[in-house]
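A.B. asks: Structure provided below as structure tokens; questions to follow.
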């Protein structure tokens, strides 16, 4: 389904319940919500693809390339939102004064001035089991969160950029050249918001000011639990906060990369509350370590732990019952990071995978008796 003239592909207003299911929505051109425009309505969007819709600059609130939501109650499930442009903000989704649930969604390659993937203002948002990747904005490449409550769980936030942007295209391949735009938070930016990030992987997000995540204002509170946060080459740090901000809390996290944490410049800046976490270069706090986490294949984005990882059983109780993959947590004590190491009884060689080598070892030792076997009772 595509728009042929000026306007959104779908417009929903003053509706008590509406379901949008199994549609491909493209070519919308509108000032708010070019793909789907929702206002004062309860809507469920599922099994849809929303792509290449563009907000036009006709007013101050022009935003929401893929979806624009105002005063609504919206659920988005099993939906791909890709290649949309949101002008002032919310390339993929703009959520204003609304409640929104996002599950099993892919939000990719969208752009907007603030919140390339998602822009949230005065709203309550839950995002889980989703992918937020390769979005671009001047501020908040993946997510821009203002005066809102945001919970993100079991989500991969990867390769988002805050810096120079172009419509439906990411600028990458090296350091971002200086511009006159003040940019913050490649993965996310929070202002006067309560943000909880659990069981998530944040990798290779960056901004012109070298911040994967940026927290601003003393009214903000951001908590990371059991997250794996990996920097991008020469783009430290992973998390930064401004002079007046409430410092973030990190528990059972793994942070890899130079200059992992950085706070403001020249005031009474609070330090982050970090415990039972593995940080490159170390950080003060109970249970913290500075060690190679021994990821399985970090060069190819596999941040599961090897059997010899120092992060196994090195965490503390966070109350989480599953990990990023949905596997049970904890096994023994809590592990650090997004992935709980699975103790597989058939993993004989201890590499974390039940494979041919384990079968070969089993066959080789079949029928043998170890010295630990109790002697038979004499007759």
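A.B. asks: What shape does region 1-146 take by its C-alpha gyration tensor, where a ≥ b ≥ c are the square roots of the eigenvalues and a/c under 1.5 counts as rounded, a/b above b/c as prolate, and the rest as oblate?
C.D. replies: Because its axes are fairly even, with a/c under 1.5, region 1-146 counts as rounded.
A.B. asks: Once you have the Cα-Cα distance between residue 271 and residue 331, take 0.36 nm times their residue separation minus that, and quote the gain in nm to one decimal.
C.D. replies: Full extension of this stretch gives 18.5 nm more.
A.B. asks: Taking other Cβ within 10 Å of each residue's Cβ, how do 32, 343 sort, fewest first?
C.D. replies: By the 10 Å Cβ count, ascending: 343, 32.
A.B. asks: If I model a spin label at residue 14 and residue 126 as a point 7 Å from the Cα along the Cα→Cβ vector, what separation in nanometres do I get?
C.D. replies: Label at residue 14, label at residue 126, 3.1 nm between them.
A.B. asks: If the chain between residue 103 and residue 292 were fully stretched, how many nm would it gain, using 0.36 nm times the residue separation less the Cα-Cα distance?
C.D. replies: Roughly 64.8 nm would be gained on extension.
A.B. asks: Compute the length gained on full extension between residue 359 and residue 78: take 0.36 nm times their separation in residues and subtract their Cα-Cα distance, giving the result in nm to one decimal.
C.D. replies: Between residue 359 and residue 78, full extension yields an extra 97.4 nm.
A.B. asks: Now, a different point. At what distance in angstrom do the alpha carbon centres of region 292-332 and region 92-112 lie from each other?
C.D. replies: Their Cα centres are 28 Å away from one another.
Any read-out appearing in this document is the output of simple, stated calculations on the displayed coordinates, not a laboratory observation. This is a predicted model, so every value here is computed, not measured. Here Cβ is always computed from backbone atoms with ideal geometry, including for glycine, and neighbour counts include all displayed protein chains.
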